[in-house]
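Peer 1: The structure follows.
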Amino acid sequence: MDKKVITELLEQKHQDLFNWLENEPEEKWMNAPEGKWTVGQHAKHLLNSIQLLNHAMSFPAFVLKYKYGSANRELRPYDAVAKRYQEKLAANLERAKQFNSNLKIPPIVKKEEILTSLKIQNKKLQHKTMKWKDKNLDMLILPHPLMGKMPVRELIMWTAHHTEHHLNSLKNNY
């Protein structure tokens, strides 16, 4: 997937999320159905996720290559990345729950701060995506806690899907 298309996809998926969040009652920020995260926890989780990717993409390419290596396979298209994530998630639900078990419920007074930070981090990721060389997006890999090592381009596409995944969960459960 071309860098421009990826950044447009990131923008669209995040804008859909922000539109949904702006129309939801504030009491949902801290309350959730039994066994589910609050809206605030979903937002905080998405913020944490995108911040980690932006942080990793701040390092010089040679550091990432030295630490994690380089890709040894062809890039997967967006649909394949999304499908693989859903399969891994379904096969590892307990592991995913454990990984995210320490996510505290953010207070309502943090809502604007979290959403503003998420908007900023999304723009940063779009900017970094456009600035990175295509060969680095395709060849450099980073670890994902569920999916294993992935090329950076795939991780950016995954970020768009991840946002959509959480938005769908919010729409279906709240």
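The values are calculated or read from the model by the stated rules, or taken from the named source; none is laboratory data. Being a predicted model, the structure only gives us computed values, none of them experimental. Counting neighbours? That spans all protein chains shown, and the Cβs are built from the backbone with ideal geometry, glycine included.
Peer 1: Which one is surrounded by the most Cβ atoms within 10 Å (Cβ to Cβ) among residues in the stretch 48-62 that are within 14 Å of Trp158 (Cα to Cα) and of a type in the set (A, V, I, L, M)?
Peer 2: Across the stretch 48-62, the extreme among qualifying residues is Ile50.
Peer 1: For the stretch 76-95, name all the residues that are in contact with a Leu (Cβ under 9 Å, 6 or more places away or on another chain) and aliphatic (A, V, I, L, M). Give the derivation first.
Peer 2: The first filter runs over the stretch 76-95 and keeps only residues in contact with a Leu (Cβ under 9 Å, 6 or more places away or on another chain), leaving 78, 81, 85, 88-89, 92, 95.
Answer for the stretch 76-95, where residues must be in contact with a Leu (Cβ under 9 Å, 6 or more places away or on another chain) and aliphatic (A, V, I, L, M): Val81, Leu89.
Peer 1: Would it be correct to say that Ser70 is surrounded by fewer than 18 Cβ atoms within 10 Å (Cβ to Cβ) and touching a helix residue (DSSP H, G or I) at 6+ places or on another chain (Cβ under 7 Å)? Before you say what the answer is, go through the steps one by one.
Peer 2: Working: surrounded by fewer than 18 Cβ atoms within 10 Å (Cβ to Cβ): yes; touching a helix residue (DSSP H, G or I) at 6+ places or on another chain (Cβ under 7 Å): yes.
Considered against the rule, which asks whether it is surrounded by fewer than 18 Cβ atoms within 10 Å (Cβ to Cβ) and touching a helix residue (DSSP H, G or I) at 6+ places or on another chain (Cβ under 7 Å), Ser70 comes out as yes.
Peer 1: Among Asp134, Asp138, which is among the acidic types (Asp, Glu) and in contact with a Leu (Cβ under 9 Å, 6 or more places away or on another chain)?
Peer 2: Values: Asp134 fails: in contact with a Leu (Cβ under 9 Å, 6 or more places away or on another chain).
Criteria check complete, one pass: Asp138.
Peer 1: Would a scan of the stretch 154-173 turn up a residue that is of a type in the set (Lys, Arg) and either farther than 30 Å from Glu94 by Cα or surrounded by fewer than 17 Cβ atoms within 10 Å (Cβ to Cβ) (or both)?
Peer 2: Of all residues in the stretch 154-173, those of a type in the set (Lys, Arg) come to 171.
Subset that is either farther than 30 Å from Glu94 by Cα or surrounded by fewer than 17 Cβ atoms within 10 Å (Cβ to Cβ) (or both): 171.
Within the stretch 154-173, one or more residues are of a type in the set (Lys, Arg) and either farther than 30 Å from Glu94 by Cα or surrounded by fewer than 17 Cβ atoms within 10 Å (Cβ to Cβ) (or both).
Peer 1: I need the full set of residues from the stretch 32-80 which are part of a loop (DSSP other than H, G, I, E, B) and either more than 30 Å from Ser169 (Cα to Cα) or touching a strand residue (DSSP E or B) at 6+ places or on another chain (Cβ under 8 Å) (or both), in order please. Please lay out each step first, then the result.
Peer 2: Filtering the stretch 32-80 for residues part of a loop (DSSP other than H, G, I, E, B) gives 32-38, 57-60, 69, 71-77.
Result: Ser58, Phe59, Pro60, Gly69, Ala71, Asn72, Arg73, Glu74, Leu75.
Peer 1: Could I ask something else about it? Name the residues in the stretch 105-123 that are crowded, with 17+ Cβ neighbours inside 10 Å and either under 13 Å from the mean Cα position of the chain (by Cα) or on the phi > 0 side of the Ramachandran plot (or both), would you?
Peer 2: Those that are crowded, with 17+ Cβ neighbours inside 10 Å and either under 13 Å from the mean Cα position of the chain (by Cα) or on the phi > 0 side of the Ramachandran plot (or both): Leu118, Gln121, Asn122.
Peer 1: List the residue pairs whose Cβ atoms are under 6 Å apart, where the first residue sits in the stretch 134-151 and is within 15 Å of Leu52 (Cα to Cα), the second is loosely packed, with under 14 Cβ neighbours inside 10 Å and acidic (Asp, Glu), and the two are 6 or more positions apart or on different chains.
Peer 2: Listed by first residue and then by second, the contacts come to nothing, as the list is empty.
Peer 1: Turning to a different aspect of this structure: Just one of the numbered conditions (1) in contact (Cβ under 8 Å) with a residue 60 or more places away in the chain; (2) more than 13 Å from Leu167 (Cα to Cα); (3) in a helix (DSSP H, G or I); (4) among the charged types (D, E, K, R) is not true of Asp16; which one?
Peer 2: It fails just one condition, (2).
Peer 1: Okay, moving on. Do any helices (runs of 4 or more DSSP H) entirely within the stretch 81-148 hold 1 or more residues that are within 24 Å of Met1 (Cβ to Cβ) and at pLDDT 95 or above, and if so, which?
Peer 2: Numbers: elements: 93-99, 111-131, 134-139.
Those helices (runs of 4 or more DSSP H) span 111-131, 134-139.
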